[in-house]
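Here the structure comes first, spelled out in structure tokens, and everything after it is commentary.
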Amino acid sequence: MMENRSHFPAEDGAKTAPALVRLENICKSYGPVQANRNICLEVHAGEILALLGENGAGKSTLMSILSGKSRQDSGTIFVDGIPAPFRSPHDALEAGIGMVYQHFMLVEAMTVTQNLLLGQAHGILNPKAMRERVLELAARYGFEIDPDAVISSLSMGERQRVEILKLLYRDCRVLILDEPTAVLTPPETKQLFSALRRMASDGKAIVFISHKMREVLDLATQISILRRGEIVDHFLRADVPGERELAERMVGRQMDAVVVQTPVAKGEVLLELDGATCGMAKDLRCRIRRGEVLAVVGVAGNGQRELVEMVTGAARPESGPDSVRILGRSWQEFVKQRPGRNGLVYIPEDRKGVATCPALDLLDNFLLTCRDEFQRFGFLDRRRAAAAAEGVMREYQVVADGLHASAGSLSGGNLQKMVLGREFYREPRLIVAENPTQGLDIGAMEEVWRRILAARSHAGVLLVTSDLREAVTLADTFAVMYRGRFIDVFSHTDTERLEAVGMMMAGIRFGEKEEERGRSGREA
Amino acid sequence: MDGFRVVRRQTPPGWVSFAVLPAALLIALVFCSLLLMIQDKSPVKAAVVLFQGGFGSLYALQDTMLKAIPIFLCSLGVSVAFRMKVWNIGAEGQFALGGVGATWAVLTFSGLPMPLMLCLMLLCAAVAGGLWGLIPGYLRLKFGLNEIISTLMLNYIGIEFMRYLVYGPWKDPGSMGFPMTGLFPEEAVFPEVLGYVHAGLLVCVVAAVAVYVFLQRTRLGFELCVSGENPRAARYARIPYGFLLMFVLALSGALAGMAGCVEVSATFNRLQPNLCTGYGYTAIVVAWLSRLRTPSIALFSVFVAGLLVGTDNLQVDMQVPAAFGGILEGFILLCVLAGQFFHSYTLVRMGRRQGGAA
Ligand SMILES: Nc1ncnc2c1ncn2[C@@H]1O[C@H](COP(=O)(O)OP(=O)(O)OP(=O)(O)O)[C@@H](O)[C@H]1O
Ligand SMILES: [Mg+2]
């Protein structure tokens, strides 16, 4: 009440009902890092609030405080105008605040209904009534879900629906979603958004975090911007005309020029697939030369994983020995003797699960793939490695609390920059990158794009992405993957095909259904 | 509804970590006092006897050190494997094989000068223990057999094998039918270096330093830590998991084997069937208590060894049954382990919530 920030539109009119949730002067520090500073925020029923900010701005921290997962150092959370100290997510749930985490917390071996039964601490369980209620809720919000399906058989989008159902089942009035669309296919995203809008119109409040400006503009009714732990701006969706303006309000400065690729001279062939087959991936044909970016686009789960495993040497091609040639050698020869420097590097999609050890510090994480460079007689030369790692951190502008910060404490963008710097340190000639900008803010994303484009001077890039925009920005050549096959491979200058990419991703070959092609015109 | 609920700590516990050990000990002692009072024995006197016996005098301390040496070596071994999340609970069997290896060296070579002889014994013990450790590693890689089962089962085989040798081929004809080898010659016995604490202490120091350097400085040690921390990242970085698994079990077995060597040479001066008294299992508890940190392993080894010595004393001085010593030890360790729960969790009262939704 004593706090009065001009950018709370709701405070202007005294007639408005008390906010569902009000945060007052929330502060939270991790050691020297102040992740949240005097945050004041209100969420009203029927609102969809987008929380926007660069990587490390403190969005996830704030939401984990609101959902009871971590605790503020100071400040108060009010629920319906009454202070509510949350000691655990359980407390927050009781107060009607629930969060869908990026990494789903479901028991894989159990069914949807059984997962919903979990955590119902009190009273007698009634699975049958519960099943009914699940079906009712699912129907209400347009979720297609089979209550008896086992979680492990569900797609990411379906699992997310289960998580949301979990909250709805407990009558949550405030739903928090942290980067909910990162794991979704475009049609799943559409469905999610319409369900969220429905919930808002039912009087629930939605808070979501996203790095995709288009989605924010599409879904939000209010937008709050966090920068270095503080809320610096709060406005209505209607106040911003377009993505670029929104991005500039987020970073608080003029954005650098949009990344555009200018072709560089092509060199020798670095990767050649000639009928390569491995598991789901079948009969793949393409080649990548130095200076070239080949973007494999498609909905996740169409054989991209098998392709990547084969090219990085983790899975053996089932086709003939010469069907996969890497850096001028056959697959077998390449795997038998990999070059440490000037070889192949792989930037996996899962930064915290695969590319790094979150519990270890940055130096150890740097050594993870660079240890060959810093060993002598079996001993690691950590001092030399530290100098190199510090160089990388400087060059790639990794913001961290020194070399001895744990990788897990870095924000997504900074960690990705560190991974990129580490992998590029060995001056690779072939780069395999999987969704390299997933979860990154616009600034970091464009930075990563520039780095990848710059690497073309000495390398070829196999870019596997589900983000069409990324592909359009970076690629010289497109390969559209559907059910394990490249259904089309074409140059970025082929604008006709480029416009039809959305269709191809759904399995419709170029020119197959002329009459339907016009509809996907706004893709790309 | 009143009561308590378990909640994960969000900040490291601070003072709690210092308070946990004494508090756990206190609780264990209260429990044991009750047990003693049922038997009409004075708990206060028992506590004094226990402490006196384990730590109260120079003699007591030396006795404690003697027991701490094999526990420390075994514990160092299992902690290396635990670090990679390889659950080697076969230290007991590897310890027995170490005793066998050392004895074989003594029976085979004679007339060597003492330093050479002792080094040779340690080497043979390490190789024997290490090979014993390799078996579960091989079984896991080849057939996917869980190492918890195989290391445990190999304990029984290893101990029986050792007993077979002392009851059969290696039995000393001059032992009047007792199952034991002949007394080791003087050059095969670890000399005393500190009071009557023998040179096994030096073995501990060297082993501790070597393990520390290995884990902190070498490439292999680094790979081992990564494999334990995040197996998926290890695969991504092409760390040779299979090789490391074998290596870690061999190293673990070698350290337990060296403990066996020290024990036969310095404590018994011969191989005899009661060599194995559970140090290999105690070592697992110690590794767990110390959360795999080498300095803590040293401290907890001494602590647990002191408990063992102290309870032995209790039996003699207060005529409590032998089993009581075991119960007491078990209680104390259980309380300390349970206390470690509070490093990562805390209890909060479930009161009425203030901020209320209808
Ligand atoms: N557990 C932690 N330990 C130490 N520092 C942390 C921890 N969690 C977050 N931080 C730090 O707090 C700051 C805010 O982090 P937070 O995860 O909230 O950012 P974010 O806005 O969600 O970023 P992103 O867009 O990358 O997800 C960062 O500087 C981060 O390094
Ligand atoms: Mg975040």
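The values are calculated or read from the model by the stated rules, or taken from the named source; none is laboratory data. For clarity, every value in this text was computed on a predicted model and none was experimentally measured. Neighbour counts are summed over all protein chains in view; Cβ atoms, including those assigned to glycine, are modelled from backbone coordinates with ideal geometry. The area values use the complete protein model at the heavy-atom level, side chains included, leaving out ligands, DNA and RNA. Shrake-Rupley method; radii C 1.70, N 1.55, O 1.52, S 1.80 Å.
The share of accessible area on the protein assembly as shown that comes from carbon and sulfur is 58 percent, using a 1.4 angstrom probe. Restricting region A:237-293 to trypsin sites (Lys or Arg not before Pro) that sit in a DSSP loop and have at most 14 other Cβ atoms within 10 Å of their own Cβ leaves A:253, A:266. Between the alpha-carbon centres of region A:234-274 and region A:395-440 there is a gap of 19 Å.
Give the percent of DSSP beta bridges with both residues in the protein assembly as shown that are antiparallel, rounded to the nearest 5. Don't skip to the answer; put the middle values down first.
Working: 50 of 86 bridges.
If we restrict to bridges inside the protein assembly as shown, about 60 percent are antiparallel.
Taking only the C-alpha atoms of region B:219-269, the Rg (one decimal) and the largest Cα-Cα distance, Dmax (whole number), read 15.5, 50 Å.
Could you pull out every one of the aspartates and glutamates with an alpha carbon less than 15 Å from that of residue A:128, ignoring same-chain neighbours closer than 8 positions? Once the sequence-local aspartates and glutamates are set aside, what remains near residue A:128 is A:136, A:146, A:148. Under a Gaussian network description of chain B, with springs only between Cα atoms under 10 Å, the residue in B:48, B:285, B:189 that fluctuates furthest is B:48.
In region A:289-386, what GluC sites (Glu not before Pro) fall in a loop by DSSP, with at most 12 other Cβ atoms inside 10 Å? Could you put the intermediate results ahead of the total?
Details: sites: A:292, A:306, A:309, A:318, A:333, A:349, A:373; in loops: A:292, A:318, A:349.
Qualifying residues, ordered by number: none.
With each run of n ≥ 4 DSSP H residues scored as -39500 (n - 2.57), what mean residue ellipticity at 222 nm is computed for chain B after dividing by its residue count and rounding to the nearest 500 deg cm²/dmol?
After summing the helix terms and dividing by the residues of chain B, the value is -23000 deg cm²/dmol.
Just report the Cα centroid separation between region A:133-150 and region A:330-373, whole Å. Cα centres, region A:133-150 to region A:330-373: 42 Å. Here the sum of -39500 (n - 2.57) over DSSP H runs of 4 or more residues, divided by the residues of chain A, equals -9000 deg cm²/dmol at 222 nm, to the nearest 500.
Taking only Cα atoms, what is the 0 to 90° angle, nearest 10, from helix B:322-344's long axis to the longest principal axis of chain B? The angle comes out at about 50 degrees.
Under DSSP H, which helices of chain A have Cα atoms covering 18 Å or more of the helix axis and a Kyte-Doolittle average no less than 0.0? Walk me through the numbers before you get to the answer.
Working: long enough: A:127-140 (19 Å, -0.49); A:156-169 (19 Å, -0.22); A:186-201 (23 Å, -0.59); A:382-395 (19 Å, -0.74); A:412-425 (19 Å, -0.35); A:442-455 (20 Å, 0.50).
Flagged H segments are A:442-455.
FRET efficiency for the pair residue B:216 and residue B:119, taken as 1/(1 + (r/R0)^6) with r the Cβ-Cβ distance and R0 = 35 Å, rounds to 0.90.
When A:370, A:27 are compared by accessible area at a 1.4 angstrom probe, the order from most to least is A:27, A:370. Across chain A, the relative contact order, built from alpha-carbon pairs under 8 Å that are at least six residues apart, equals 15 percent. Computed from Cα atoms, the angle from the helix B:114-143 axis to the main principal axis of chain B rounds to 60 degrees.
Across peptide B:231-239, the average count of Cβ atoms from other chains found within 10 Å of a residue's Cβ is 6.
Using heavy-atom solvent-accessible surface (probe 1.4 Å) with all chains present, what is the largest-first order of A:406, B:75? Please report the intermediate quantities before stating the final value.
Working: A:406 40, B:75 0 Å².
Ranking A:406, B:75 by accessible area, largest first, yields A:406, B:75.
Using DSSP, restrict attention to beta bridges with both residues in chain A and report what percent are antiparallel, rounded to the nearest 5.
55 percent
For the set A:159, A:71, B:8, A:422, solvent exposure ranked by accessible area (probe 1.4 Å, protein chains only) runs largest to smallest as B:8, A:71, A:159, A:422.
Could you do me a favour and compute the accessible area per residue for the protein assembly as shown, 1.4 Å probe, result in Å²? Don't skip to the answer; put the middle values down first.
On the way: 39240 Å² over 882 residues.
That works out to 44 Å² per residue.
The residues neighbouring residue A:378, those whose beta-carbon lies less than 10 Å from its own, together hold a net charge of +3 under the Lys/Arg +1, Asp/Glu -1 convention.
May I ask which residue of A:343, A:414, B:198 lies farthest towards the positive end of the charge dipole of the protein assembly as shown, with charges of +1 (Lys, Arg) and -1 (Asp, Glu) on Cβ and the Cα centre as origin? Ranked along the dipole, the leading option is B:198. Cross-link partners of residue B:171 among lysines, defined as those whose alpha carbon lies under 30 angstrom from its own and excluding same-chain residues fewer than eight positions apart: B:67. Within the set A:28/A:69; A:212/A:352; A:190/A:212; A:69/A:190; A:69/A:166, which residue pairs have Cα atoms separated by over 19 Å? Flagged as over cut-off: A:212/A:352; A:69/A:190.
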